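Before any comments, here is the structure.
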Amino acid sequence: MSHEQTAHATAEKYDFAAIQEKWLPVWDALKPFATDDATDERPRKYVLDMFSYPSGDLHMGHAEAFGLCDVLARYWRQRGYNVLHPVGWDSFGLPAENAAIKRGADPRDWTYGNIEQQKASFRVYAPSFDWSREIHTSDPEYYQWNQWLFLKLYEKGLAYRKASPVNWCPNDQTVLANEQVVDGMCERCGAVVTKRNLTQWYFRITAYADRLVDDLTQLEGAWPAKVLSMQRNWVGRSTGADVVFGIEGRDEPVTVYTTRPDTLFGVTYMAVAPDSALAAELAAGATSAVQTEFAAYLEKTKTESDIDRQSTDREKTGVFLDRYATHPLTGDRIPIWAADYVLADYGHGAVMGVPAHDQRDLDFARALDLPVRVVVAPDGTLTDVDDPAETGTALSGDGLLVNSGTFDGLSKDEAIDALTTALGEAGAGETATNYRLRDWLISRQRYWGTPIPIIHCDSCGEVPVPESQLPVKLPAAEGLDLRPKGTSPLGGADDWATVDCPSCGGSARRDSDTMDTFVDSSWYFLRFLSPNSDEVAFDVAEAKKWAPVDQYVGGVEHAILHLLYARFMTKVLHDYGYVDFEEPFTALLNQGMVLMDGQKMSKSVGNLVEFADQMHSYGADALRVTLAFAGPPEDDIDWADVSPTGSTKFLARAWRIAHDVSSGPGIDVSTGDTALRKLVHHFLADVPDLIESYKFNVAVARLMELVNVTRKAIDKGPGAADAAVREAAETIAVALNVFAPYTAEDMWELLGYEPTVAHVEWRQAEPALLVEDEVTAVVQVNGKVRGRLQVSPSIMPDELERLARGDANVQRAIGEAEITNVIVRAPKIVSIATAR
RNA sequence: GCCGGUGUGGCGGAAUGGCAGACGCGGAGCACUCAAAAUGCUCUGCCUUCACGGGCGUGUGGGUUCGAGUCCCACCACCGGCACCA
């Protein structure tokens, strides 16, 4: 196949490389997707991909995500919407720094070099981006607004510093947010995460816990059910009661949280987290033997990694503190233990032990020989109950109360209400809600991120950098030691770090930590609306016009991290009055992963499918069609199962139709072949619903069908000059723009039009052409298809039944049997039931 | 343990409760060709029949219905998320 021969509109053969080369410069000049809405009255749609982290060239995952998102962007444009489809780079982050350390280079050079590479690849892959709004989160023009946001949160007490045990990655030598610890390991490098006690910056996301859960109902149906469920799990809201226990020898009582106040009479011990202040205090008031034992236990707890500590099948341990609590209703003495299965930072760091009805408590009680008292029995009597102390299985189900004084006989739900009320009357408890969610730890002891705009002054304490002094620019990497060492490299930039206190003018130092890069991505979708403003983070009026994002596309790996943070930040901005909505992304599509031979692609496995190689072999269009056609977009695609060659064949067939059409543009299509026109108009009527419900694979199938039938019409039907053939070819070109823009543009030119087909509106189906003159009616006998009849769609039911009964094959199926029932749904079906 | 999801040909996958397997991959045969590639055409769920046809068939077992891949109940398998969260 020779390029010279085919790089013209007169080419005889489909040549994807020539077509790409031909149209790229045309599109570069045309800038068809710049969204300039000053005078545009059309309805708007904001279609966005999760932006790319520039860690190298694009890979197949990008091809899928950006390809599918582009289907939607191009589609909505052709449906008459003013579509905003911007592109940017999530360009701060650890990998840049690690790569830079490895190569002895500047993270800035590495990052911006990768961006250039990805841009060049994107240009050829040709998503319909508005390049004029490109942003980089690592530019001071962007990150100064991270700092501005930080100050806004700080003003409201939503950004604060505290000393606390934090997740520490010993490999990357930095702290991690809870969301970045996966199975006890660092999300980035896989090292086992340990705990350190450090003073760090937090965003108070827990203040928004209820709204983060409640507002998910707004997204029901528009976000994948899986993501909604993951977000609910992550916030982990539970309701129950706080119960107050008096402590012998201590003035202050201790409050515990329980979801099962109905089991209050089953309490046989109390357990406190060994690493809590309460445990230390209780132990300090006990005998020296207890103190020694406790100290050893605490030491052991601290040195254990989270993985060890959280393994559920391990033996329960604890230390009796020789202290006692008093049961709020019975007045019984309750022994107090320190046990490492109790977490210091959930609830109140202490639990009431109900071994009979909680598996963990039962395991603990059995290991340490504590009593087990059943207080909820399935049928309200103890006689038939398997003793959990014997079986080792806690009774966690429903039942009626026993052994619970005046509460005996109540159901579980009744008892929860009754006991909570009783506790309230006794001043010993109330309904309470708890969350698994923790505040968002945003400090990072690394270089390549947004400097935290705080100055530490010996006399004034922490002083926010005045807004007028933003941005606090990142100092040059040159001369700084970027290697992980547990403190931020910025601390080594003395010239940068040493400043006058904005408050007292004395000598002070800048905070040397940088922000978690998820801060950058928590609001970037708003920056696209006024990307060049140096007055505001984003223009409120532009946000009113464009935001929230109507269609968001990205991987499910961000189901909690990015999406939760972006939802949080949106609510914060809403409360400040900067935006008038509370959810940033009204619809979300999670595309699946691209696999090879059933597993994730990786260099080490040796199953890497390179984006650049695929582009070279098949081109952008075939790649995009292959990804769209492979299956439902949410499902993973195994590259071993798909056929880019098949896609190329399809595109060549489509292209050849435009090439073969022999009528001129503007011909009166109504004179064309009716059968073909009907198919075209059914296509026009059906495909929008398919695309809007993300059934891209089915939409492509319908396009293939249309191409096949049009080919037949040219070769064996009305021929290449027929007006319906032109109508079909134009329809194919317009629809194909959504999936394969180069081929579509070339077809459009072959059909005698000017670029660009991307601006041609989807045609309306003519209702008259959607009506069939004849349909197939099916005749079933006892549920089995026994006959098919060609009938008019307006046939009367009794006429259809008469025809059905007259069908020879139907009669044979009925035989001598007596007909007991006949259902007629004209014109589709006749269902005959016989006595059997 | 809790939550969510998925089970359809050799494979990827279609199917508002109404013809299961659209579309494609793979396979077989044919045409064109000296030949091959490319392209085009025909066939392709399993069993049975020369054929017309018939039987079976959407993870398993029940149920609702004239009619179930689709709805209901129970179960099995696999995938994903959360998890000593009280």
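The values are calculated or read from the model by the stated rules, or taken from the named source; none is laboratory data. Note that the structure is a prediction, hence the values are computed from the model and not measured. Every residue, glycine among them, receives a Cβ derived from its backbone with ideal geometry; neighbour counts consider all protein chains shown. Keep in mind that these areas ignore ligands, DNA and RNA; they rest on the heavy atoms of the full protein, side chains included. Shrake-Rupley method; radii C 1.70, N 1.55, O 1.52, S 1.80 Å.
See the values below:
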{"quantity": "Which listed residue is part of a loop (DSSP other than H, G, I, E, B), open to solvent by less than 30 Å² (accessible area, probe 1.4 Å) and touching a residue at least 12 places away in the same chain (Cβ under 8 Å), from A:SER121, A:SER138", "calculated": "A:SER138"}
{"quantity": "Selection from the range A:389-404 of residues that are under 22 Å from A:LEU329 (Cβ atoms) and open to solvent by less than 50 Å² (accessible area, probe 1.4 Å)", "calculated": "A:ALA394, A:LEU395, A:GLY399, A:LEU401, A:VAL402, A:SER404"}
{"quantity": "So A:LEU474, is it open to solvent by less than 60 Å² (accessible area, probe 1.4 Å) and over 25 Å from A:ARG188 (Cβ atoms)", "calculated": "no"}
{"quantity": "The range A:212-268, subset within 29 Å of A:TYR694 (Cα to Cα) and part of a loop (DSSP other than H, G, I, E, B), residue farthest from RNA strand B (Cβ to nearest atom)", "calculated": "A:ALA222"}
{"quantity": "Of all residues in the range A:644-667 being out of contact with any Phe, Trp or Tyr (no Cβ under 9 Å at 6 or more places or on another chain) and among the hydroxyl-bearing types (Ser, Thr, Tyr), the one that is least open to solvent (accessible area, probe 1.4 Å)", "calculated": "A:SER663"}
{"quantity": "Test: residue in the range A:422-437 that is part of a strand (DSSP E or B), closer than 21 Å to A:ARG509 by Cβ and touching a Phe, Trp or Tyr at 6+ places or on another chain (Cβ under 6 Å)", "calculated": "no"}
{"quantity": "Residues being part of a helix (DSSP H, G or I) and either near RNA strand B (Cβ under 7 Å from one of its atoms) or surrounded by fewer than 22 Cβ atoms within 10 Å (Cβ to Cβ) (or both) - total across the range A:627-643", "calculated": "4"}
{"quantity": "Complete set of residues in the range A:583-608 that are surrounded by fewer than 16 Cβ atoms within 10 Å (Cβ to Cβ) and either modelled with pLDDT of 90 or more or not hydroxyl-bearing (Ser, Thr, Tyr) (or both)", "calculated": "A:ASP597, A:GLY598, A:GLN599, A:LYS600, A:LYS603, A:VAL605, A:GLY606, A:LEU608"}
{"quantity": "Subset of the range A:342-386 [modelled with pLDDT under 90 and farther than 21 Å from A:ASP242 by Cα]", "calculated": "A:ALA377, A:PRO378, A:ASP379, A:GLY380, A:THR381, A:LEU382, A:THR383, A:ASP384, A:VAL385, A:ASP386"}
{"quantity": "Search result, residues across the range A:644-672 that are more than 9 Å from RNA strand B (Cβ to nearest atom) and closer than 30 Å to A:VAL594 by Cα", "calculated": "A:PRO644, A:LEU651, A:ALA654, A:TRP655"}
{"quantity": "Qualifying position, being open to solvent by less than 20 Å² (accessible area, probe 1.4 Å), away from RNA strand B (no atom under 15 Å from the Cβ), outside any loop (DSSP other than H, G, I, E, B) and out of contact with any Asp or Glu (no Cβ under 8 Å at 6 or more places or on another chain), among A:ALA209, A:ALA289, A:ALA279, A:ALA283", "calculated": "A:ALA283"}
{"quantity": "Hey, A:ALA744 open to solvent by less than 10 Å² (accessible area, probe 1.4 Å), within 21 Å of A:ALA126 (Cα to Cα) and either in contact with a His (Cβ under 8 Å, 6 or more places away or on another chain) or without any contact (Cβ under 8 Å) to a residue 24 or more places away in the chain (or both) or not", "calculated": "yes"}
{"quantity": "Enumeration of residues in the range A:812-836 that are surrounded by 13 or more Cβ atoms within 10 Å (Cβ to Cβ), farther than 16 Å from A:VAL778 by Cβ and of a type outside the set (Gly, Ala, Ser)", "calculated": "A:THR834"}
{"quantity": "Residue identified as more than 15 Å from RNA strand B (Cβ to nearest atom), over 26 Å from A:ALA284 (Cβ atoms) and either out of contact with any Phe, Trp or Tyr (no Cβ under 8 Å at 6 or more places or on another chain) or not in a helix (DSSP H, G or I) (or both) among A:LEU321, A:LEU362, A:LEU382", "calculated": "A:LEU382"}
{"quantity": "Within the range A:686-700, tally of residues that are open to solvent by 40 Å² or more (accessible area, probe 1.4 Å) and either farther than 28 Å from A:GLN551 by Cα or outside any loop (DSSP other than H, G, I, E, B) (or both)", "calculated": "4"}
{"quantity": "Residue count for the range A:423-434, restricted to those that are surrounded by fewer than 19 Cβ atoms within 10 Å (Cβ to Cβ) and out of contact with any Asp or Glu (no Cβ under 7 Å at 6 or more places or on another chain)", "calculated": "6"}
{"quantity": "A:GLY249 vs. criteria closer than 27 Å to A:ASP398 by Cα and either touching a strand residue (DSSP E or B) at 6+ places or on another chain (Cβ under 9 Å) or acidic (Asp, Glu) (or both)", "calculated": "no"}
{"quantity": "Evaluation of A:GLY719 against (1) within 16 Å of RNA strand B (Cβ to nearest atom); (2) part of a helix (DSSP H, G or I) (one fails), failing number", "calculated": "(2)"}
{"quantity": "Condition met for A:ASP689 (out of contact with any helix residue (DSSP H, G or I) (no Cβ under 7 Å at 6 or more places or on another chain) and within 8 Å of RNA strand B (Cβ to nearest atom))", "calculated": "no"}
{"quantity": "Check on A:TYR753, touching a residue at least 60 places away in the same chain (Cβ under 8 Å), among the aromatic types (Phe, Trp, Tyr) and within 10 Å of RNA strand B (Cβ to nearest atom)", "calculated": "no"}
{"quantity": "Some residue of the range A:789-809 being within 9 Å of RNA strand B (Cβ to nearest atom) and polar (S, T, N, Q)", "calculated": "yes"}
{"quantity": "Residue within the range A:65-75 that is within 26 Å of the chain's Cα centre (by Cα), open to solvent by 20 Å² or more (accessible area, probe 1.4 Å) and not hydroxyl-bearing (Ser, Thr, Tyr) present", "calculated": "no"}
{"quantity": "A:ARG677, sole failed condition from (1) more than 8 Å from RNA strand B (Cβ to nearest atom); (2) within 21 Å of A:ASP70 (Cβ to Cβ); (3) open to solvent by less than 40 Å² (accessible area, probe 1.4 Å)", "calculated": "(2)"}
{"quantity": "Count of residues meeting criterion [within 19 Å of the chain's Cα centre (by Cα) and either surrounded by fewer than 17 Cβ atoms within 10 Å (Cβ to Cβ) or of a type in the set (A, V, I, L, M, F, W, C) (or both)] in the range A:184-206", "calculated": "2"}
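For (1) more than 44 Å from the chain's Cα centre (by Cα); (2) free of Cβ contacts under 8 Å to residues at least 24 places away in the same chain; (3) farther than 18 Å from A:ALA339 by Cα, each residue gets a yes or a no:
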| site | (1), (2), (3) |
| --- | --- |
| A:LEU362 | no, no, no |
| A:ALA367 | no, no, no |
| A:ALA377 | no, no, yes |
| A:THR383 | yes, yes, yes |
| A:PRO388 | no, no, yes |
| A:ALA394 | no, no, yes |
| A:GLY399 | no, yes, yes |
| A:THR406 | yes, yes, yes |
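Results for (1) closer than 27 Å to A:LEU84 by Cβ; (2) of a type outside the set (Gly, Ala, Ser), shown as yes or no for each residue.
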residue: A:PRO718; (1), (2): no, yes
residue: A:VAL725; (1), (2): no, yes
residue: A:ALA733; (1), (2): yes, no
residue: A:GLU745; (1), (2): yes, yes
residue: A:TYR753; (1), (2): yes, yes
residue: A:ALA777; (1), (2): no, no
